[in-house]
Amino acid sequence: MIAVAGEALVDVVPAPAEGYFEFAPGGSPANVAVGLARLDVRARMLARLGTDLLGRRLRAHLTDNGVDLGNAVEATEPSSLAIVEVGADGVADYDFRIDGTADWQWTPEELDGALDGVVALHSGSLALTQEPGAGVLRELMAKAAATATVSYDPNARPRLMGEAAQVLPGVHELLGIADVVKVSDEDLRWLLPDTPPGEILDDWLARGPALVAITLGGDGVLAGTSEGLRTSTPGRAVSVVDTVGAGDSFSAALLAGLHRRGLLGAPARAALRGITALVLDELLEECVTAASITCSRRGAQPPTSADLAEALGR
């Protein structure tokens, strides 16, 4: 079982008919959980789901995709909204309505038993920056490190997170806990605008993770390990509809691929650090392909294992 902790919110996205909008399930952590389940990995979602209409629809979406909600909280607060604007290039921009909503009100008691049977815990994005719940989830990640692989995606949202200089120390703190880190070049341009991705890769690996992957949009991914391995994988040509959920599909494929190769869980930590170039390149090809499939679809629609196998010719 892989657990994913964080927000499950509703995206308000442009509809095909000009001037209209439609509601779609979203939230980076929830997208990763759905992506894992579609790749045939048992996924547990640690989320606070409202009992309002939108919260019930989020719960149904996760359940219908096979995500385990046994540890999800029935929250009395309303559901969060993300208003999405898609540019001519398909790149998404986000605005949010989250004051007093369900996703951020975690208490330690609500996470009792959340790590039972878990080989990996993934989190990131707004859930690790929005109090009062952020501190609770950060403590959960620190606790998980004793028995499980910890996966982290900063997934920056500048409109809500504040100044980059204030956010970066918290990112560095989590790098000291995480085994696997995925970050986009867009995130890095905000966090460290004057530093090349290669330098950031070296610096972040020195802070503790076994594996760091920096996604470069259409240019693919740059990755490395704490044992000194460095590699890159080119992007895949695709007709981009939008980029919503593409990074989350990458994260899901990364964790699913590590899981299939027996590289998750605290006992596998040494093996993860020693991953070979051949295995890492094969894994990154899967991740880039999963992200490209999502880019070819409207909204956060990660591929199934059959979709991915067909695209890879396997």
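Within region 19-33, the set of residues being outside any loop (DSSP other than H, G, I, E, B) and more than 23 Å from GLU139 (Cβ to Cβ) comprises PHE21, GLU22, PHE23, ALA24, PRO25, GLY26, ASN31.
Within this structure, VAL12 fails the test of being under 30 Å from GLY218 (Cα atoms), touching a residue at least 24 places away in the same chain (Cβ under 8 Å) and in a loop (DSSP other than H, G, I, E, B). Is it the case that some residue within region 211-221 is of a type in the set (D, E, K, R), in contact (Cβ under 8 Å) with a residue 60 or more places away in the chain and out of contact with any Leu (no Cβ under 6 Å at 6 or more places or on another chain)? Checked region 211-221: no residue is of a type in the set (D, E, K, R), in contact (Cβ under 8 Å) with a residue 60 or more places away in the chain and out of contact with any Leu (no Cβ under 6 Å at 6 or more places or on another chain). Output yes when any residue across region 278-287 is assigned to a loop (DSSP other than H, G, I, E, B), more than 20 Å from ALA156 (Cα to Cα) and not hydroxyl-bearing (Ser, Thr, Tyr), and no when none is. No, region 278-287 has no match at all. The single condition from (1) within 19 Å of ILE2 (Cβ to Cβ); (2) hydrophobic (A, V, I, L, M, F, W, C); (3) surrounded by fewer than 18 Cβ atoms within 10 Å (Cβ to Cβ) that ALA144 fails is (3).
Of all residues in region 277-306, those satisfying the criterion of being farther than 20 Å from VAL84 by Cβ and in contact (Cβ under 8 Å) with a residue 40 or more places away in the chain are ALA277, LEU280, ASP281, LEU284, GLU285, CYS287, VAL288, THR289, ALA290, PRO303, THR304, SER305.
If I filter region 186-207 down to residues being over 23 Å from ARG273 (Cα atoms) and aliphatic (A, V, I, L, M), which single residue comes out as surrounded by the fewest Cβ atoms within 10 Å (Cβ to Cβ)? Filtering first and then ranking leaves LEU192.
Between ASP194, ASP202, the distinction of being among the acidic types (Asp, Glu) and in contact with a strand residue (DSSP E or B) (Cβ under 9 Å, 6 or more places away or on another chain) belongs to ASP202 only. Picking from residues in region 235-251 that are in contact with a strand residue (DSSP E or B) (Cβ under 7 Å, 6 or more places away or on another chain) and assigned to a helix (DSSP H, G or I), the one that is nearest to LEU312 (Cα to Cα) is PHE250.
In region 103-120, the qualifying residues are those that are touching a residue at least 40 places away in the same chain (Cβ under 8 Å) and over 23 Å from ALA82 (Cβ atoms), and the one that is surrounded by the fewest Cβ atoms within 10 Å (Cβ to Cβ) is GLY113.
Read the figures in this text as sums done on the coordinates, not as results from a lab. Just so we're clear, the structure is a prediction, and the values are computed from it rather than from any experiment. Every residue, glycine as well, gets a Cβ built from its backbone with ideal geometry; the counts of neighbours run over all protein chains shown.
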